[in-house]
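First up is the structure itself, then whatever we jot down about it.
The values are calculated or read from the model by the stated rules, or taken from the named source; none is laboratory data. Given the structure is predicted, the values throughout are model-derived calculations rather than measurements. All Cβ positions, glycine included, derive from the backbone under ideal geometry; neighbour counts span all protein chains shown. The area values use the complete protein model at the heavy-atom level, side chains included, leaving out ligands, DNA and RNA. Shrake-Rupley method; radii C 1.70, N 1.55, O 1.52, S 1.80 Å.
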Amino acid sequence: MFRPAIISSLASRFFISINHPRIAPLTIPLASITNHAPIRDASTTWSQPGTWYQRRHEYDQKNDTHQRKRNLGPLRFVVASSFLSWFSKKNDDEDTPESQLITVIKRSILSIQKEEYHKAEQMLHLALKMAQDLQSKDGITYIYDIMANLAMEVGDFAKAEKLFVNVMQRLFSDGFLEDHIKMLHISSKIAHLAQLQGHLDKAAQGFEWTLAKLEEKLKLLGNDNAKEIRELWGITKNWYAQLLMESKRFAEAKQAFMQAYEAYTEIHGLLTEEGLTILNNLSVACSNLEDYASAERFLKEAIALAAQIPDLSEAGVYKANLGLLYLQQGLLQQASEFCTFAWRYGKQHQHEETVIQASYCLDQIKSLQK
């Protein structure tokens with residue numbers, strides 16, 4: 001015989017939350033899938049925009065005694081800015097210093113997309129020198145933005161944060177207001193980076209500041225004219241929900257995940273990896289609330305949608321999570337069925353996280369059947 005309480009305790013250790021690069025996931029006790037705010041001078045007050053990051057940064061430098069490190073896996077690189085449009089449009093055949101600079105930048109982005117990170121960094125330093133020689137303020141800013149994204153991609157979160165702050169300061173000096181969409185993109189990322197480094201209070205302040213600014217813009221523009229703002233709001237909501245999960249505020253996290261999912265799918269549709277990531281995380285929140293019926297419903301919806309996306313490696317994670325959900329409830333036969341499938345799927349697609357989760361699930365089932 002086995003006791004459901006024991007099963008729940010065991011299974012809850014590893015229910016996976018997939019970390020997705022673009023909309024961002026984190027690892028929580030049950031396993032769920034895993035772009036910040038302006039700076040002005042120290043004389044600004046708390047009520048003024050842009051101060052949440054600076055004041056928290058000063059506090060953390062004095063009081064933070066350690067940094068938590070997390071193995072979140074690689075983040076897919078996304079250039080979430082339109083800085084390149086600042087360059088005057090040139091014919092690709094024109095052999096001018098500016099067109100040469102643009103070519104190097106494009107090649108660095110291509111290298112990042114190919115996961116050739118060392119080559120990308122070398123090219124970005126070359127591009128930075130070219131932009132400095134050209135005295136191209138916009139070019140320099142754009143390159144720092146890519147460097148920041150690259151550092152975020154490879155997991156150097158402290159470096160990424162410093163680079164994003166540098167970009168934000170340069171935008172301020174160019175006259176951008178703190179609630180400009182470019183600023184809000186960076187503000188959201190800086191908050192997420194604070195979260196990834198374990199600075200949860202600073203992250204919460206950043207997310208709440210950014211969301212408030214975005215909501216003000218949405219009220220002014222209306223949903224019909226605010227697609228980019230609505231999308232950024234959804235991405236930020238998703239990251240904020242992950243923070244709420246870390247803080248064990250599961251009911252609030254569930255609501256935030258639902259809002260993020262609605263915003264993301266109304267823009268991109270249902271068949272996206274990002275949307276499925278949010279569904280998975282939503283099921284994790286429900287499981288922590290012991291709302292197993294809702295957790296199962298969201299996971300089954302993710303599995304059904306994943307079947308329509310060819311070669312989606314994370315599909316096995318959803319199966320493993322469903323198996324772990326059944327394990328939590330003492331339903332060993334169903335747990336064994338889904339975790340066995342997930343293990344085979346992970347092996348077939350060489351998806352290590354799926355194999356680890358499924359193996360853990362199957363080991364627990366064996367120990368309970370002895």
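Answer yes if at least one residue in the stretch 232-239 is at pLDDT below 95 and basic (Lys, Arg), and no otherwise.
Taking every residue of the stretch 232-239 in turn, none turns out to be at pLDDT below 95 and basic (Lys, Arg).
Do you know which residues across the stretch 115-160 are among the charged types (D, E, K, R) and within 30 Å of Gly198 (Cβ to Cβ)?
The answer is Glu115, Glu116, Glu121, Asp145, Glu153, Asp156, Lys159.
Which one is farthest from Thr236 (Cα to Cα), of the residues in the stretch 269-298 that are open to solvent by 70 Å² or more (accessible area, probe 1.4 Å) and either assigned to a helix (DSSP H, G or I) or among the small types (Gly, Ala, Ser) (or both)?
Ala293
Conditions (1) of a type in the set (A, V, I, L, M, F, W, C); (2) over 27 Å from Gln135 (Cα atoms), marked per residue:
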site	(1), (2)
Ser187	no, no
Gln205	no, yes
Leu221	yes, yes
Gly234	no, yes
Ala256	yes, yes
Thr265	no, yes
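Quick check, is Leu177 outside any helix (DSSP H, G or I) and more than 15 Å from the chain's Cα centre (by Cα)? Walk me through how you get there before you give the answer.
Working: outside any helix (DSSP H, G or I): yes; more than 15 Å from the chain's Cα centre (by Cα): yes.
So Leu177 passes the test.
Only one of Gln328, Gln333 is out of contact with any Gly (no Cβ under 8 Å at 6 or more places or on another chain) and open to solvent by 30 Å² or more (accessible area, probe 1.4 Å). Can you tell me which?
Gln333
Could you please find all residues in the stretch 238-260 being within 20 Å of Ala295 (Cβ to Cβ) and open to solvent by 10 Å² or more (accessible area, probe 1.4 Å)?
Glu246, Ser247, Lys248, Arg249, Phe250, Ala251, Glu252, Lys254, Gln255, Met258, Gln259
What about Leu218, is it within 21 Å of Glu161 (Cα to Cα) and modelled with pLDDT under 95?
no
In this structure, does Ala306 turn out to be within 23 Å of Gly234 (Cα to Cα) and aliphatic (A, V, I, L, M)?
Details: within 23 Å of Gly234 (Cα to Cα): yes; aliphatic (A, V, I, L, M): yes.
Criteria met by Ala306.
Give the residues of the stretch 180-217 that are among the small types (Gly, Ala, Ser) and either within 18 Å of Glu246 (Cα to Cα) or assigned to a loop (DSSP other than H, G, I, E, B) (or both), sorted by residue number.
Scanning the stretch 180-217 gives Ser188, Ala191, Ala194, Gly198, Ala203, Ala204, Gly206.
What are the residue pairs meeting all of these: first residue in the stretch 337-352, first residue in a helix (DSSP H, G or I), second residue open to solvent by less than 100 Å² (accessible area, probe 1.4 Å) and among the polar types (S, T, N, Q), Cβ atoms under 6 Å, and 6 or more apart or on different chains?
Ala342/Thr354; Gly346/Thr354
Name the residue, out of Ala358, Ala342, Ala263, that is buried (at least 17 other Cβ atoms within 10 Å of the Cβ), within 28 Å of Tyr240 (Cβ to Cβ) and of a type outside the set (Lys, Arg).
Result: Ala263 is the single residue among Ala358, Ala342, Ala263 that is buried (at least 17 other Cβ atoms within 10 Å of the Cβ), within 28 Å of Tyr240 (Cβ to Cβ) and of a type outside the set (Lys, Arg).
When you scan the stretch 299-314, how many residues do you find that are surrounded by fewer than 24 Cβ atoms within 10 Å (Cβ to Cβ) and in a helix (DSSP H, G or I)?
The qualifying residues number 6.
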